[in-house]
Structures are given as structure tokens and as C-alpha cells.
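The values are calculated or read from the model by the stated rules, or taken from the named source; none is laboratory data. What you are looking at is a predicted structure, and each value in this text was computed from that prediction instead of being measured. Here the Cβ is made from the backbone with ideal geometry for all residues, glycine too, and neighbour counts use every protein chain on show. Quick note on the areas: whole protein, heavy atoms, side chains included, nothing else; ligands and nucleic acids left out. Shrake-Rupley method; radii C 1.70, N 1.55, O 1.52, S 1.80 Å.
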Amino acid sequence: MDAIDRSTPVRFSASRAYMQEARYEFLRLWRTPSFSLPCLLFPAVFYLLFGVLLGGRGGPDAARYMLAGYSVFGIMGVALFGFGVTVAMDREQGLLTLKRAQPMPPGAYLAAKVAMAMLFSTVILALLAALAIGVAGVRLAPAQWLGLVVACLLGVLPFSALGLWLGTLVGARGAPALINLVYLPMAFLSGLWVPLSMLPGLLQELAPAWPAYHLSRIAQAQVGFGDGAPLGLHVLVLLGVTVLFLALARRRLATP
């Protein structure tokens, strides 16, 4: 008697494709020390030096204020480098073309990178919180901690869009330099490293031109340093930045 083939065709699962792509993206960057170590350690080291040790004269209030700034600084780096450098590499190596030919949901590639950025951001925020509580004596209500974490994780989106666009402009070798030219000046001019009041008046007036300024205002409000202004305007600016750079990146990626 002939053997009966009882095998069944493998069903395609979109959710499984998303999960697998996110897992591989996270492992890819986790196993890349040149990305994972600076992104995870630099915000914590800078916060310890400038927010806790050098800013110790201001006590827990100064450390609490700088906690918001360095939280934004940390998630910015993950989003900009996680998107910008890897997209530039994938374009240069032809990986984007290969992925388009596969039966993978079109959004899985971007969704995986966003998930990666949020996972790394969660680790960064946990490290900063441990330093703030254990070393600087910062005390926040549970609602404040939750508000800071949610604001920063959602803040990954506009900087992911910006990083995606930057990654379409240059090749893999030029991407880190270009991103640093955007990342570091923006962090300084947005008041993430030092309070804006310590900067010259002209730079204070220009600060709202930077997306990081608007996210830092939202983060500062969560830790008790709100200026009383409605946060809706900052949210709208960040939403506009996300839409703008996604549109620009999509146009660049569609160009042969």
C-alpha cells in the first residue's frame, strides 16, 4: 500500500513574522558591541557624572531634573543609531531588496526596528532609574515613574523616523558621522545636558526648533518640573516630526 502523505502545508502567520523579525533585529544589535555598549552605557555614565556627581550641589532636585534630560538623551541615541546606521547598511548590502522579495508583511521591517528601539530604551531607563534612586536619592511617585517611562518610549517614534530618513541619505560608512552631527548638537541645544537657562539667550530662543526640546519638556513635566504650559503642543510637534520624516524616508526608499 502506498504511503499516505499526511503532511499539511505550513500556514503563513503574520503575527509570527512580526515577532521573528523583532527577535532577530534585537539579537542582531545586542550582539553588536559597537552599538549596544555605547547606547546602554553612555546615558548612565553621563548622568552619573553630570547629573549626580557634578550636579550634586543641587541635591536630589537637580538629579531629578537631569534624570528627565538624560532619559531623553538615551532613547534618542537608540532610535537614531538603531534606525540610521542599520538602514544605511541594509540598503548598501542589498538586504532591503531581499526582504521585499520575501513573503513578509511590509511593515514587519519597521515594526521590528521600533520594537528593538523600545526594548533598548527600557533597559536604559531602568539603568537611569537605578542610579537616580540608589545614588542620587531621587524619589518619585509611581505615577511619575510611569509617566516618564511612557513619555520616553513613545518619544522613540519621532527619532526613529528621523533616523530612518538619515539612513537613506548616506552609506553605511557615512551614517554614524551624519547621525552624530545631528544627535549631539541637538541634545546640547535642547537642554538635555545642562539646563537651558545656562545657555545664551539666542540658543534658548532657538531651542523649540529641535524635537528633543519638546520631548524633554514632556519628560520634565513627569518628574515635577513642568512650566504649567499645556503639553498638547509638544505632542503635536513630535507627531508632526514623525509624519514628516516618515514621508521623506518613504520617498527616498521608493527611489531606485
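Only residues that are free of Cβ contacts under 8 Å to residues at least 60 places away in the same chain and surrounded by 12 or more Cβ atoms within 10 Å (Cβ to Cβ): list them for the range 133-152, please.
So the first thing to find is which residues in the range 133-152 are free of Cβ contacts under 8 Å to residues at least 60 places away in the same chain, and the list is 133-134, 141-143, 145-146, 149-150.
Matches in the range 133-152: Ile133, Trp145, Leu146, Val149, Val150.
Which members of the range 221-256 meet the condition of being over 25 Å from Ser197 (Cβ atoms), touching a residue at least 12 places away in the same chain (Cβ under 8 Å) and in a loop (DSSP other than H, G, I, E, B)?
None - no residue of the range 221-256 is over 25 Å from Ser197 (Cβ atoms), touching a residue at least 12 places away in the same chain (Cβ under 8 Å) and in a loop (DSSP other than H, G, I, E, B), so the list stays empty.
Given the residues Leu215, Leu203, Leu169, Leu184, which is the only one that is within 21 Å of Pro38 (Cβ to Cβ) and either assigned to a loop (DSSP other than H, G, I, E, B) or open to solvent by less than 60 Å² (accessible area, probe 1.4 Å) (or both)?
Going through Leu215, Leu203, Leu169, Leu184 in turn, the sole match is Leu215.
Of all residues in the range 218-236 being among the hydrophobic types (A, V, I, L, M, F, W, C) and buried (at least 19 other Cβ atoms within 10 Å of the Cβ), which is farthest from Gly163 (Cα to Cα)? Write out each step before concluding.
Filtering the range 218-236 down to residues among the hydrophobic types (A, V, I, L, M, F, W, C) leaves 218-219, 221, 223, 225, 229, 231, 233, 235-236.
Within this subset, residues satisfying the condition of being buried (at least 19 other Cβ atoms within 10 Å of the Cβ) are 218-219, 221, 223.
Details: Ile218: 21, Ala219: 21, Ala221: 26, Val223: 27 Å.
The extreme case among them is Val223.
May I ask you to verify whether Gly51 is closer than 26 Å to Pro185 by Cα, touching a helix residue (DSSP H, G or I) at 6+ places or on another chain (Cβ under 7 Å) and at pLDDT below 70?
No.
Is it fair to say Gly191 is touching a residue at least 60 places away in the same chain (Cβ under 8 Å) and on the phi > 0 side of the Ramachandran plot?
When the stated conditions are applied, Gly191 passes them.
Within the range 108-126, identify whether any single residue is touching a residue at least 40 places away in the same chain (Cβ under 8 Å), touching a Lys or Arg at 6+ places or on another chain (Cβ under 7 Å) and open to solvent by 20 Å² or more (accessible area, probe 1.4 Å), and answer yes or no. Explain how you work it out, then say what you get.
As a first pass, look at the range 108-126 and keep what is touching a residue at least 40 places away in the same chain (Cβ under 8 Å): 108-117, 119-121, 123-125.
With touching a Lys or Arg at 6+ places or on another chain (Cβ under 7 Å) added as a condition, the list becomes 109.
Next, from what is left, pick out any that are open to solvent by 20 Å² or more (accessible area, probe 1.4 Å): 109.
Yes - at least one qualifying residue is present in the range 108-126.
Hey, does the range 173-180 have a residue that's assigned to a helix (DSSP H, G or I), open to solvent by less than 50 Å² (accessible area, probe 1.4 Å), among the small types (Gly, Ala, Ser) and modelled with pLDDT of 95 or more?
No - not one qualifying residue is present in the range 173-180.
Restricting the range 204-220 to residues that are under 21 Å from Ala62 (Cα atoms) and without any contact (Cβ under 8 Å) to a residue 60 or more places away in the chain, which is farthest from the chain's Cα centre (by Cα)?
Start the filter on the range 204-220 by keeping residues that are under 21 Å from Ala62 (Cα atoms), which leaves 204, 207, 212-220.
After this cut, where a residue has to be without any contact (Cβ under 8 Å) to a residue 60 or more places away in the chain as well, the list is 204, 207, 213-214, 217.
Numbers: Gln204: 24, Ala207: 19, Tyr213: 14, His214: 14, Arg217: 16 Å.
Residue satisfying both the conditions and the ranking: Gln204.
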